[in-house]
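Heads up, the thing below is written out as structure tokens.
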Amino acid sequence: MDRLRERDPSFLGKAAIVSTGYTALSKQSGTTVLSLATEACGNALTMAGVDPAEIDGIVSYSLFDDSVACQAVATAMAVPQLTYALDMNMGGVAPALCVMHAAMAVASGVARNVLVFRALNGRSGVRIGQTAFKAPTTQYRYPVGLTAYPQYMALLARRYMVETGATEEDLGAVVVAQSEYAAENERAIRHRRVTLDEYHDARYVVEPFRTLDCTSEVDGACAVLVTSVERARSLTDAPVVIEGAAWVTGRGSGLDIADLLSWPDYSRICQHYLSERLWTGAGLGPQDMDVAEVYDCFSAMALLGIEGLGLAERGGAGELVRSGETALHGRIPINTHGGLLFEGYLHGMNTLAEGVQQLQGLAGSRQVSGAAKCVVSSGAMGDGSALVLVRDGA
Amino acid sequence: MTEHDPAEIDSDSRAFWDGVARGRLVVSHCRACGHQLFPPIASCANCGSRELEPLEVSGDGEIYSWARVHLPLSDAFVDDVPYTVVVVDVFGGGRLFGRLLDDEQVTPVAGAAVRYETYWVGGRALPGFRLALASSAGTETAI
């Protein structure tokens with residue numbers, strides 16, 4: 001990377017992630033969302049050796065009012081004053097966008113040390129999979145029985161399969177491949193290997209999705225700390241520089257969380273639409289990545305994301321996964337935490353944090369040897385975001 | 001089939017729901033660019049014009065995608081499973097969701113011809129589709 005080159009957008013290459021913080025992921029946290037948020041943010045600060053008093057920015061996101069305000073977390077952590085706070089009413093499309101906002105705030109000087117978090121009691125509290133959404137066009141889908149997230153995502157998966165020839169075997173391959181990582185991940189709510197036979201024995205939720213094709217809702221929180229590259233170097237040996245970032249809305253977005261009625265093409269999602277801008281901004285391409293963390297609320301969405309980012313050709317993601325190339329010692333390890341499918345549904349904040357951990361060499365038995373460059377994606381609808389992360393000096 | 005909560009019919013959608021109650025499919029037509037708009041909203045998603053008018057279309061179309069629900073995720077549909085929702089590209093009328101009204105053992109095929117048909121649940125008219133030809137479906141998908 002030519003550090004003297006004028007970057008476009010200009011904030012790229014100027015901010016870095018210093019640390020990550022997690023709570024346990026569970027089916028019942030037994031505590032409040034505010035407590036979870038504070039714990040995860042506190043863990044990120046402890047890891048970085050940064051005092052809460054130095055925090056001047058917080059960014060977060062929520063869905064169905066399932067979280068707490070950034071200012072509440074600041075208050076709970078005794079942060080004296082924020083100069084930047086952003087509470088976004090968005091789900092899994094937001095994590096990379098949140099980090100992008102933090103990087104913009106840091107690069108512009110609006111804030112110096114910005115926490116980005118996601119916290120929810122997604123299992124014992126508000127369950128996304130069963131919650132009714134209010135929007136102008138929900139009136140067309142609820143009465144006919146299209147009530148929940150897996151159901152309309154199944155419509156995308158089906159059309160993708162029709163157009164590319166992908167099969168349920170390909171979906172199963174994603175599940176089996178990611179389970180290999182999950183078995184090595186103590187955080188994973190599904191902490192086990194799954195065989196293809198087990199996959200086929202799992203019951204359908206909504207065709208083509210079986211239970212194992214669907215993420216597992218959890219209680220928990222996850223946070224990262226963003227600061228300037230210069231400051232990051234004083235805090236850690238392994239700053240993770242935000243070299244690429246993009247957010248996009250595909251055509252027809254926004255009328256409903258299931259805004260599919262207005263989409264021209266169900267077989268392509270946000271990663272496809274943001275890919276060119278992401279890679280051009282980063283000055284890197286998918287072939288340069290050592291590891292990829294691709295949003296996978298459902299197995300099929302990993303395939304669409306992999307292809308959208310250019311990690312495989314159109315219709316080629318299933319073969320990439322089946323060939324073993326996405327496994328730990330493969331050409332491009334993907335979803336090394338087991339994905340949202342296995343680690344749990346922190347709406348992609350954990351997908352992002354896993355990428356950071358890989359580049360910092362903190363992934364334990366799941367560590368990709370020499371991982372220095374990672375692409376992370378957020379979201380599986382027409383709108384979504386992604387980051388290209390590079391270990392400082394790589 | 002079980003009754004779901006009444007949809008929140010609004011000024012943008014009234015013509016559509018009135019049409020469904022008459023057994024007809026009514027979309028929104030843009031006078032400025034000629035685009036047929038669904039869902040109907042206050043302005044044309046193709047050109048931004050607010051010069052819109054209701055337009056009745058035949059309701060014939062093709063299946064674009066489909067999902068068969070086995071596990072109900074809303075109490076209103078517990079008695080309905082398994083059921084199939086189809087996304088249909090209606091000729092000259094845009095894309096919309098409806099219930100597939102054929103036997104539940106029928107597996108739809110993308111591209112299969114369907115005809116619009118209103119179905120009723122507890123006094124409420126809702127959009128549905130029926131396969132136009134028995135040969136359009138099989139027990140397996142054609143993919």
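The values are calculated or read from the model by the stated rules, or taken from the named source; none is laboratory data. In this text, all values refer to a predicted model and were calculated from it rather than measured experimentally. Ideal geometry is used to build each Cβ from the backbone, glycine not excepted, and the neighbour counts take in all protein chains shown.
Cβ separations smaller than 6 Å between residues 6+ apart or across chains give the following pairs from the range A:134-146 residues that are within 11 Å of A:ASP259 (Cβ to Cβ) and more than 7 Å from chain B (Cβ to nearest Cβ) to residues that are of a type in the set (D, E, K, R) and assigned to a loop (DSSP other than H, G, I, E, B): A:ALA135/A:ASP256; A:THR138/A:ASP256. Of the residues making up the range A:96-131, those that are assigned to a loop (DSSP other than H, G, I, E, B) and not polar (S, T, N, Q) are A:GLY109, A:VAL110, A:ALA111, A:ARG112, A:GLY122, A:ARG123, A:GLY125, A:VAL126, A:ARG127. Going by the conditions given, is A:TYR295 assigned to a loop (DSSP other than H, G, I, E, B), among the aromatic types (Phe, Trp, Tyr) and at pLDDT 95 or above? Considered against the rule, which asks whether it is assigned to a loop (DSSP other than H, G, I, E, B), among the aromatic types (Phe, Trp, Tyr) and at pLDDT 95 or above, A:TYR295 comes out as yes. Would the range A:203-217 turn up any residue that is within 14 Å of another protein chain (Cβ to nearest Cβ) and either of a type in the set (Lys, Arg) or at positive phi (or both)? Among the residues of the range A:203-217, at least one is within 14 Å of another protein chain (Cβ to nearest Cβ) and either of a type in the set (Lys, Arg) or at positive phi (or both), which makes the answer yes. Taking the criterion of being buried (at least 24 other Cβ atoms within 10 Å of the Cβ) and either more than 27 Å from A:SER67 (Cβ to Cβ) or among the β-branched types (Val, Ile, Thr) (or both), the residues of the range A:341-372 that qualify are A:THR351, A:VAL356. Counted as qualifying within the range B:26-143 are the strands (runs of 3 or more DSSP E) with 1 or more residues that are at the interface with chain A (Cβ under 8 Å from one of its Cβ atoms), in contact with a strand residue (DSSP E or B) (Cβ under 6 Å, 6 or more places away or on another chain) and without any contact (Cβ under 8 Å) to a residue 24 or more places away in the chain, namely B:61-69, B:83-90. If the condition is being touching a Lys or Arg at 6+ places or on another chain (Cβ under 8 Å) and closer than 12 Å to B:GLU8 by Cα, then the range A:133-155 contributes only A:PRO143. When you look at A:VAL106, is it in contact with a strand residue (DSSP E or B) (Cβ under 7 Å, 6 or more places away or on another chain) and either closer than 23 Å to A:TYR273 by Cβ or surrounded by 22 or more Cβ atoms within 10 Å (Cβ to Cβ) (or both), yes or no? For A:VAL106, the condition - in contact with a strand residue (DSSP E or B) (Cβ under 7 Å, 6 or more places away or on another chain) and either closer than 23 Å to A:TYR273 by Cβ or surrounded by 22 or more Cβ atoms within 10 Å (Cβ to Cβ) (or both) - is met.
Of the residues screened, A:VAL206 is one that is more than 23 Å from the chain's Cα centre (by Cα), buried (at least 24 other Cβ atoms within 10 Å of the Cβ) and touching a residue at least 12 places away in the same chain (Cβ under 8 Å). Kindly indicate whether any position in the range A:156-164 is assigned to a loop (DSSP other than H, G, I, E, B) and closer than 25 Å to A:PHE342 by Cα. No; the residues of the range A:156-164 include none that is assigned to a loop (DSSP other than H, G, I, E, B) and closer than 25 Å to A:PHE342 by Cα. Determine, yes or no, whether A:VAL106 is at pLDDT 95 or above and of a type in the set (Val, Ile, Thr). For A:VAL106, the condition - at pLDDT 95 or above and of a type in the set (Val, Ile, Thr) - is met. Quick one: is A:GLN178 closer than 30 Å to B:TYR119 by Cβ and either within 12 Å of another protein chain (Cβ to nearest Cβ) or in contact with a Ser or Thr (Cβ under 9 Å, 6 or more places away or on another chain) (or both)? No, not satisfied.
On the basis of being modelled with pLDDT of 95 or more and under 15 Å from the mean Cα position of the chain (by Cα), does B:VAL27 make the cut? Considered against the rule, which asks whether it is modelled with pLDDT of 95 or more and under 15 Å from the mean Cα position of the chain (by Cα), B:VAL27 comes out as no. For the range A:15-52, the set of residues classified as crowded, with 18+ Cβ neighbours inside 10 Å and in a loop (DSSP other than H, G, I, E, B) consists of A:THR23, A:LEU25, A:SER29, A:VAL50, listed by residue number. Note on the range A:147-161: residues that are more than 7 Å from every other protein chain (Cβ to nearest Cβ) and closer than 23 Å to B:ASP12 by Cβ total 1. Restricting attention to the range A:221-263, the residues being buried (at least 20 other Cβ atoms within 10 Å of the Cβ) and small (Gly, Ala, Ser) number 10. Within the option set B:GLY111, B:GLY23, B:GLY48, B:GLY34, being on the phi > 0 side of the Ramachandran plot, in the same structural domain as B:LEU126 (by TED's automatic domain parsing) and either of a type in the set (Lys, Arg) or surrounded by fewer than 23 Cβ atoms within 10 Å (Cβ to Cβ) (or both) holds for one residue only, B:GLY111. The residues on offer are A:VAL175, A:VAL194, and the sole one that is free of Cβ contacts under 8 Å to residues at least 24 places away in the same chain, among the hydrophobic types (A, V, I, L, M, F, W, C) and either surrounded by 24 or more Cβ atoms within 10 Å (Cβ to Cβ) or more than 20 Å from A:VAL376 (Cα to Cα) (or both) is A:VAL194.
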